[in-house]
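What follows is one structure encoded as structure tokens, with my remarks underneath.
Quick note: the coordinates plus some simple rules give every number you see, no bench work behind them. Since the model is a prediction, treat every value here as computed from it, not as a measurement. As a convention, Cβ positions derive from the backbone with ideal geometry for all residues, glycine included, and neighbour counts pool all protein chains shown.
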Amino acid sequence: MKGLFRRIVAVTAVFVLIFCAMAISPSAASADISIRIDATSYSQDDQITAEVYFPRAYKKISSLDMSLLYDSQKLEFVSMKQGKDLRRARDKQTNGEVYSEYAGDPGKINWSLAGGNNYEFSGIFSTIVFKVKSYANHGSSKLSLKINNAVNSGFVNMTNDVNVSGASFTILRNSMNDIDCKLNKAGTGYIITDYTCATYDTVILSDTYKGLPIVGIDYAAFLNHAEIKKLVLPSTLEYIGKESFMGCSGITELVIPDNVTSIYEGAFRQCDGLKSLSLPLGLVTIGVNAFFGCPFLTSVELPFTLKTLGKGAFENCTLLNTVKISKNTTVGANAFKACSDNLKFISVANNTRLNNYIKSSGIKASVEIVKDLSHGTVANIAGQEYTKSEVIPAVTITLTSGEKVVLGKDYKVVCRNNIEIGTAKAYIVGINSYGEGYVKQFKIVCKHKNVTKKVSKAATCTRTGNYIVTCNLCGNKTNEVIPATGHTGDGKWVIEKRPTISTTGSKYMLCKVCKARAKTEIIAKAYPDVNGDKLINSADALIVLRHAVGLASEINTDEKFMNADTNGDNKVNSMDALTILRIAVGLVRL
């Protein structure tokens, strides 16, 4: 019985492994050569990176002729790069192998590898980049491989024995092809003015249009497009205009992007399929009737940054039963008229604006009181170090009540613009038993710890040079002075002026790099104690005379020669001997 159980477990494990392998790369596990791609779906204008690769070692290939086939009506060839694994295999060949690649025929890329008798490689053969054409038909597409010829090192044709697998993917419609835009007055961004398609249920709007951010959606741009079921708005969006999505009854989930500060009148009126609504911190205004008649909304959390909630903003949201609202929000007339009979507001105590609204409107509603996180202070946030990733700073909250609050239990920190260098914003938001919050700014700076220096101007002996210093993290470039190197003497003194017994001399040394003068020194006056006995007398004169007539003498160094050359004429002769004698008898004073 135990043996049967083990066999069942083993068989089950095998099926699990097979399923996992198929999920990772369908049919690639059994193929000799495969195609893998970086995603399973692409929008029009997207790029596709495809790799032709060998899942396992492929040995003793003499020649291989192979084609990759693609739909040229949908895809445009961009570039191709030989794989590093193939390059390694080719480097081992020593007998005149031939390799070629050709992508000039639309719909086909061809490779030819020949002349080798023992190619052995696995891994990446080639990396190809395609672009999905702007108006490519959406739907399924594929890349496939075809083996035109394959021969092993024994010159046996094995074309039909090479197993290949391709890659399938889906092309999605790029909604940016279906919109009209206008430039805003400042010329810094675009505003969507019209959506011209009525066929597709998914609308994904990019952040940019013609190189600039999309910042707004104009009046009635998507009015009554009930076919839209999924809507993704640009993250760069700053406002949503009047009646822009009114009557879009197919939308069930709506996430308003982080940078939106204003939702104008009737923007999502009668989006009667809407069940989930997420509003961003930083939102300031919700206009009149903005979400009027969204009957399936059950709960809404209004951010503590919201200042104005317009008249009838959530009127006729008949299932709306929970609303978290800030003491900072002014509530317009009928904002929650005809909502659920069990409507409950979550707010801090003494919310005068909310209490006045409830009294004046006559609606039936209860209020759940939460603690006020804003009764206290938040310490200034120190500058944060740039990391190329999101920066979430630690914050210190001091409540006037003395209570301690815990991150994740009593409050959360939500940041904006907190990746790139510059000024970021932190929202400290009360959660669970707390409401309200704080807004703090902080700086993100790069400390340039890891840099690369490149000489843009070399230093010379007398002039400074320059480094271009590039931060390897943020790319910031600065200039750094390279000090002048200074002269390096060549070690050879040149006598410029010879000393005499009454005047000093001078000498200089040239720089071995630039040949300019590196050093100049004063040579002391000549002191004709030629024999070094600290006396100047006839013995010194005799040495000079012997030197003058070519007899052996003690004048065998430059220093002794200059001391013996009393008149600095670069000669040692009887005139110098006479001068020495005159010094000896006191006729000449040194």
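On a 0 to 90 degree scale, rounded to 10, what angle separates helix 352-361 from the longest Cα axis of the chain?
20 degrees
Just to confirm a number: summing +1 for Lys and Arg and -1 for Asp and Glu over residues other than A365 whose beta-carbon lies under 10 angstrom from that of A365, what do you get?
Summing Lys/Arg as +1 and Asp/Glu as -1 gives +1.
Antiparallel versus total DSSP beta bridges in the chain: what percent is that, nearest 5?
That works out to approximately 70 percent antiparallel.
Once every Cα of the chain carries one equal point scatterer and solvent is ignored, give the base-10 log of I(q)/I(0) from the Debye formula at q = 0.09, 0.12 Å⁻¹, two decimals.
-0.98, -1.22
At a threshold of 8 angstrom on Cα-Cα distance, excluding pairs fewer than six apart, so keeping six or more, what relative contact order does the chain reach in percent?
For the chain, the relative contact order is 6 percent.
With θ set to phi - 60° and the Karplus curve 6.51 cos²θ - 1.76 cosθ + 1.60, what are the ³J(HN,Hα) couplings of segment 536-553 in order, to the nearest whole Hz, using x for Gly and Pro?
10, 8, 4, 5, 5, 4, 4, 4, 4, 5, 4, 5, 5, 9, x, 7, 4, 9
Among G568, T464, S366, whose Cα sits farthest toward the positive end of the charge dipole of the chain (+1 at Cβ of Lys/Arg, -1 at Cβ of Asp/Glu, about the Cα centre)?
So the residue furthest toward the plus end is G568.
So for segment 351-455: antiparallel DSSP bridges make up what percent, rounded to the nearest 5?
Expressed as a percentage, antiparallel bridges in segment 351-455 total about 75.
Can you run phi through the Karplus equation (6.51, -1.76, 1.60; θ = phi - 60°) for segment 454-469 and list ³J(HN,Hα) in whole Hz, with x for Gly and Pro?
Coupling constants for segment 454-469: 10, 6, 9, 8, 6, 6, 10, 4, 10, 10, 6, x, 8, 9, 9, 9 Hz.
Which whole-Hz couplings ³J(HN,Hα) result when phi for each residue of segment 291-302 is put into the Karplus expression 6.51 cos²θ - 1.76 cosθ + 1.60, θ = phi - 60°, listed in order with x for Gly and Pro?
Each residue of segment 291-302 in turn: 10, 4, x, 10, x, 9, 5, 10, 8, 9, 10, 7 Hz.
Out of the chymotrypsin sites (Phe, Trp or Tyr not before Pro) in segment 266-338, which ones are loop residues according to DSSP with at most 15 other C-beta atoms within 10 Å?
Filter output for segment 266-338: F296.
Expressed as a whole number of Å, what is the distance separating the alpha-carbon centroids of segment 310-336 and segment 149-165?
After rounding, the separation between the Cα centres reads 72 Å.
Separation of segment 439-460 and segment 521-590 by C-alpha centroid, Å?
About 66 Å separates the Cα centre of segment 439-460 from the one of segment 521-590.
For F121, list long-range residues whose amide hydrogen, built 1.01 Å from N in the peptide plane, is under 5 Å from its own amide hydrogen.
Correct list: Y58.
Please report the antiparallel percentage of the DSSP beta bridges confined to segment 175-372, to the nearest 5.
Here the antiparallel bridges make up roughly 20 percent for segment 175-372.
List the chymotrypsin sites (Phe, Trp or Tyr not before Pro) within segment 105-196 that fall in a DSSP loop (any state other than H, G, I, E or B) and whose Cβ has at most 10 other Cβ atoms within 10 Å.
Those that pass, being in a loop and sparsely packed, are F155.
When Lys and Arg each count +1 and Asp and Glu each count -1, what net charge do the other residues less than 13 Å away from V451, Cβ to Cβ, add up to?
Once all neighbours under 13 Å are counted, the net charge is +4.
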